[in-house]
Every structure is written in C-alpha cells, then in structure tokens.
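> First, the structure itself, so that you have it in front of you.
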Amino acid sequence: MEMTPSNVAMLCSAVHFLEMECDDDGPGTPNLKPHIEKFLEGVRFWTWSELLEALKQCQGLFSFKDYLAILDRIVDHLIERLASPGITSPNTCSSNRSSFQFSCDTSSNNSWRNNSSGATWWFEHLLFLKIDLLDKVIRTMICYDFDHGVVSRFLFYYHNSSCLGAAQAEKIESTEVVIDLLLLLDLRSISCKDLFNLNRTAVSLKMSRSFISKIESLIGPLLDQTTIDYLLLPSPHGKGQAYDVDFVLRLVHIFFFGGSFELTSNRLMRVAKMMDLFLVEVAPDPHLKPFEFEALITVLPDVARESHDQLYLAMDMYLKVHAGLSEKEKISICCTLNHEKLSAELLRHLTRNLVFPSEAKPRAYATRQSRMKTLLQENDHLKNFFESMFRKSFKNMEVKEDVGKRSYDAEELRGDLEGMQSGTQLASMKKSGTHITSNAMYLPKLCS
C-alpha cells in the first residue's frame, strides 16, 4: 500500500488500533511504525494542499493520543510554511520539493515574525479547524514567535465566521476559546474595536461573568484608543437605564489600575475628553441614580481634565432633569466642579444658575478675580504692545540724554580750560605791575 500525506494519519490510527507498532512481540510481528516515521521525515517537502489534507485527517482522529506526534509535526511545518520567506499565497508553495527544502532550512524565528506580518491569505484556508485543534495551532504559533498582530486578526476572523449559523452552545464555546487565546497575546497587537465587538457578542450570548471580566481586562488598558460610540452599551435588562454605566466605570478602573502601560498625560486627557462626552450622553437619563452619576464624575482625577466646561454642562443637565434632588445630593455632585477650570462665560452662567446650590457657586470676590484675570488674558496682546512701545521710547530718551550730556560736558571742559588760561595770564600781569582795565577785549582769547 502506498503511503501518502492524505492517508498517513489514518494509517497511524489503524496501526494503533491493530497493535502493529510494538517492537517486543518477536521478529515475525508486523510493525508499521518505522515505515511511518521514515515517511514523515519528508513532511517538509509536502505541498500546502497536502499539509491541509493531513491536518484535516488528524482533526477527525484527535482522540487518539498515539498519533499526536504526527499532529505536532504537521502543525509545526504548517506554521513554518506560513512564515517562510517569499511565501505570500498557496500558489507560491509549489511541489518542487528540492527548492522548498532550502527555504525551510534557512528560516528562523526572526524571519517568521518579519514575513508573517502581512500574510493573511491563509485565514480562509484554516476555517475548517475545530475549536480544539484551533487552540493547539494558535498556541504553537505563539511558541514559534509568530506575529501577534496576525494571530489576533485571524482569531477575530475565525470567530466571526464560526458564529455564522452556529448554535448557541457552539457560539459560546468558540467565544470562550478565542478569549483565552487573546489573553496570551501582546495587548498592543489587538484591535480595540474588535475587542468591543467581541464583548457585545459575549453579552448577547449571556456568557458567564468570568469571561466578560476577561474581555474587560483586555479593553481597559486600551481605553484611550476607543471612541464614545463603543462606550454606549445598552444597560442590562432590568436596570432601566439607557446605558451600562457600570461597564464604563469598570473600564476606567482597569485603565488606571489594571494596565501595564504608562499613564502619560496625553492618554489621560483622551480618556477625560471621552468621559466628558459620555457624561453629556447619560446626564438626561431620568433613571440614572445620583450616586451613579457622582461615581462617573469622580472616577477621573482632577489633573486629567484641562477644562471643566463639559463637566459643568453635564451637571447642569442632570440637575435640571432630576429636579427633586435634595440640597445634600446636589452639593455632593457639584463639589467636584473646579471653578478655576471654567471659562469666563460658563463661570458667569454658574453665578446666575438657579439649579445649582448656593454653596457650589463661586463667591463674589472670586468671581471678580476671575473676571479680572480673563480681561488681562484677553488684553494681553495690548499689554505686550504698550510695553514694547515704552521700551522704544525709553531707549530714544536715553540716547538723547546721552548725546546732550556729552555735548554739555565738552562745553564745560572748554570753559574750564579758558578759565585756567585766563587766570594764568591775569596772575602774570599782576606780578609784572601791568595795569588791568575792565575791558575784557584786551585780554588774549583762547584759540578754539
């Protein structure tokens, strides 16, 4: 009987069933195990179609433990084939086994990572995998340092395809396995959008709380990469709210305390802006409890928000819809508002806002101080202009004064010299007895 890639798995199973693989039953006992091992030495030369056919047969015989070594070889070479240099489609995987031997022998873990990043042509080819074999294939890919971004995209592609037309139990099983496999990947390689879609599927399937928590642990650290649309998840049945507020609070808590990424100022501000948009969306909900709204506005530290304008608008909307709140509840909600982070327009609006308790409004001197600060900021360009003009004027005055001073000093010096010379001549004339008249014209003049 000819041994081929399409029947080697079946032969291995038959050998185990017929007990034709033992070496200690005497020389006359037939043993096919050495023949199978020798045939499998050429698995690296199989074509892509032959690898897939052998894998399909292994999948049908998955319960037999004795052929798992064959399955490992097939899976290893399947992954090696996917990541081999220059392999971009099944058409390039020719059956020229001498040429392919070189490409397989020279591949390495690093080349697998580099060459698999854009290779997604094989996604559709592996949709036949059952969930157990999928788990084995993905774990093998991870062990061989296969690109995590490609693996995550394949998992979402497989999940979407496997759930089409499947029964409820099959959908749940597929979702559970995909979630567990995603937890093995680098979180930065997973699409946040796909995680939200997976979460919606899990919620619609009413999966256990443990698996929902696993998905949230993946989404939370990536919260700064999402948009407000994905946070607007409908509230669970029976709560009566428009949106699932607890879900958002859990994600924010994971973002701050459950992630391994650095919390930079840019990431904090992105999450703060998104939370402010979420607050404006949920504030008009008449079923939103005061303690839940308070939890939403206090879940972020004050440093995360550059401005409290959106926060004020959400508070104003919530207090107007929930007019029956007590003064204590209103103060508890409004105490988070930072007046220094409000624009001048909204600060003036707050002072006249009747729905806000008086304790939450700024005092008169604080309001005047804020107005003066705003005026100074608005007229800052005038201030800079006048300062520059004054500097120029002072400079010109200093130049003129300096020139005048130098001119005055020269005249004074000339006068002193003339006085010194006149004094000398007068002294000599007195000494010689010369008569001095009062007419100064007879005195010799200094030459300029």
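All of the numbers you see were taken from the coordinates with simple rules; none came from a lab. Note that the structure is predicted; figures quoted are calculated from it, not measured. Using ideal geometry, Cβ is built from the backbone for each residue, glycine included, and neighbour counts are taken over all protein chains shown.
> Limiting things to C-alpha atoms, what are the Rg and the maximum Cα-Cα separation (Dmax) for region 180-263, in angstroms?
When restricted to Cα atoms, region 180-263 yields Rg and Dmax of 12.5, 38 Å.
> Still on this structure, please answer the following. For region 227-381, what are the per-bin percents of Cα-Cα distances with bins 10 Å wide, up to the bin holding the maximum?
10, 37, 33, 16, 4, 0
> In sequence order, what are the phi-derived ³J(HN,Hα) couplings for region 236-246 according to the Karplus relation 6.51 cos²θ - 1.76 cosθ + 1.60 with θ = phi - 60°, rounded to whole Hz, with x for glycine and proline?
Result, ordered by residue: x, 4, x, 7, x, 7, 6, 10, 7, 5, 4 Hz.
> Return the sequence-ordered ³J(HN,Hα) values of region 123-130 in whole Hz as given by the Karplus equation 6.51 cos²θ - 1.76 cosθ + 1.60 applied to θ = phi - 60°, using x for Gly and Pro.
3, 5, 6, 9, 5, 6, 4, 6
> Also: Between beta-carbons, use under 10 Å as the cut-off and find the net charge around His308, counting Lys and Arg +1, Asp and Glu -1.
On the way: positive: Arg305, Lys341; negative: Asp276, Asp302, Glu306, Asp309, Glu340.
Neighbour charge sum, excluding His308 itself: -3.
> Further question: Within region 242-323, report the GluC sites (Glu not before Pro) that DSSP leaves as loop and that have at most 16 other Cβ atoms within 10 Å. Mind dumping the intermediate values first?
Values: sites: Glu262, Glu281, Glu292, Glu294, Glu306; in loops: Glu262, Glu306.
Here the sparse-neighbourhood loop sites are Glu262, Glu306.
> Can you give me the orientation-averaged projected area of the convex hull built on the Cα atoms of region 293-362, in nm²? Spell out each step's value before the answer.
Details: hull surface 17.3 nm².
Projected area, direction-averaged: 4.3 nm².
> Now, a different point. What whole-number distance in Å separates the alpha-carbon centres of region 267-304 and region 162-184?
One Cα centre to the other: 33 Å.
> Each residue of region 144-156 in turn: what ³J(HN,Hα) in whole Hz from Karplus with 6.51, -1.76, 1.60 and θ = phi - 60°, glycine and Pro shown as x?
Once θ is set to phi - 60°, the couplings for region 144-156 become 8, 6, 5, 4, 5, x, 5, 4, 5, 5, 5, 4, 5 Hz.
> Please compute the length gained on full extension between Glu345 and Asp72, using 0.36 nm multiplied by the number of residues separating them and subtracting their Cα-Cα distance.
Working: separation 273, 0.36 × 273 = 98.28 nm, distance 6.95 nm.
Contour length minus Cα-Cα distance gives 91.3 nm.
> Whose amide H sits under 5 Å from the amide H of Tyr243, counting only residues 5 or more places off or on another chain, with H placed in the peptide plane?
Result for Tyr243 returns Ser235.
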